[in-house]
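Chemist: The structure that follows is given in the form of structure tokens.
Bear in mind that the values in this text are calculations on the coordinates, not laboratory data. Note that the structure is predicted; figures quoted are calculated from it, not measured. Reconstructed Cβ throughout: ideal geometry from the backbone, glycine too, with neighbour counts over all protein chains shown.
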Amino acid sequence: MSTSSAPQPTKLEGIRYYTPEPGFVLTGRDGMVHMPWEGRPPIPLLVEDFPSVEGGASPDYDMVGRGIYQALRHNPECSFASDYASVLKEAYPHIISELGGQIIMLDAKEVDTPYLDRKINALKIMALLDPGNAGVHLEIARTLADKGSRLSTLHQAVSSWYGAEKALSNALRLDPANHHAAYEYGEALYVLGRYEKAAQAWQDIPTGLGVADQRKIEARIAAILAGKLPLVPPVDYLTALSVAVEAHHTGRNDDAAAIIEDILADPVFAEQFPMNEIYYLLGTCYQEMGMAHEAAEAFKRS
């Protein structure tokens, strides 16, 4: 007879877990917070805060807030994430405000690649705090799709696009009438090579999309029905492009150019996923290979 083990805390860099003694109550904010910890998971603490509790003392209000917030920022899908989010929601309104401010700041400008993961994690924490908010899941999906389409992060294209598909599915579960989410859900399915399911998702969209998007959907559905599809799922091409990027960075420009040429030889993919950066990368490879004419032609298309 098998027994299931209790979930264990997720190992996170810079975090140590503390299991309080029975009867521990989290207090703070001049008595406004009085939260018995019985039945709650181990408390994540910053490693620099942990020595304060090794002698038997209990962590204070600020230590608990810092630790939980850092744990969720590292991994909003860690063990007990929902429990930790509920603590923040109930006892740390200033942290919630800070989180919201960060998201607003990141939305207000073009986010550089290093900030994409930070934005995604912040949005995932918001989803834990407000699980019924379809808009948060939609924004998670859009950010993941962005990440899965940038040359600098194409090595994570598979996980990014599968994550986008999952987030869009959640958004539609919460708001089935959101035609923008349905449109982007079909796009994610298409990128993953699930063409028939993509066509069905697009066919089920109610009226309300713009003319350009509607025409694009109709063309995509017609192409799927006619079998006019990329030779391999688009996500596989994106992964191949990540290999080309790495080859270019290590000076193997001939290998990088060959990969890009093979990808662009698929007319369906080249037409449906115009990425000017691909031609710029190809032109750079040609240039470093001494192929001036070919480089100039590639740069013209970038």
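Chemist: Just to verify a result, which residue in segment 190-203, among those that are of a type in the set (A, V, I, L, M) and in contact with a Leu (Cβ under 9 Å, 6 or more places away or on another chain), is surrounded by the most Cβ atoms within 10 Å (Cβ to Cβ)?
Modeler: Applying the filter and picking the extreme gives Val191.
Chemist: Next question, about the same structure. Restricting to segment 31-73, and then to whatever is over 28 Å from the mean Cα position of the chain (by Cα), hydrophobic (A, V, I, L, M, F, W, C) and within 15 Å of Tyr92 (Cβ to Cβ), can you tell me which residue is surrounded by the fewest Cβ atoms within 10 Å (Cβ to Cβ)?
Modeler: Met32
Chemist: Now for a separate question. Restricting attention to segment 178-196, report how many residues are farther than 16 Å from Asp213 by Cβ and among the small types (Gly, Ala, Ser).
Modeler: 1
Chemist: For the subset of segment 253-267 comprising residues that are free of Cβ contacts under 8 Å to residues at least 12 places away in the same chain and part of a helix (DSSP H, G or I), which member is farthest from Ile221 (Cα to Cα)?
Modeler: Asp255
Chemist: Also: In the list Ala171, Ala181, Ala177, which residue meets the criterion of being within 30 Å of Ala219 (Cβ to Cβ) and not in a helix (DSSP H, G or I)?
Modeler: Going through Ala171, Ala181, Ala177 in turn, the sole match is Ala177.
Listed here are the residues, each with its yes/no results for (1) part of a helix (DSSP H, G or I); (2) crowded, with 17+ Cβ neighbours inside 10 Å; (3) touching a residue at least 60 places away in the same chain (Cβ under 8 Å).
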residue	(1), (2), (3)
Ile205	no, yes, no
Gln214	yes, no, no
Arg220	yes, yes, no
Ile224	yes, yes, no
Val232	no, no, no
Leu238	yes, yes, yes
Ala247	yes, yes, no
Gly251	no, no, no
Phe269	yes, yes, no
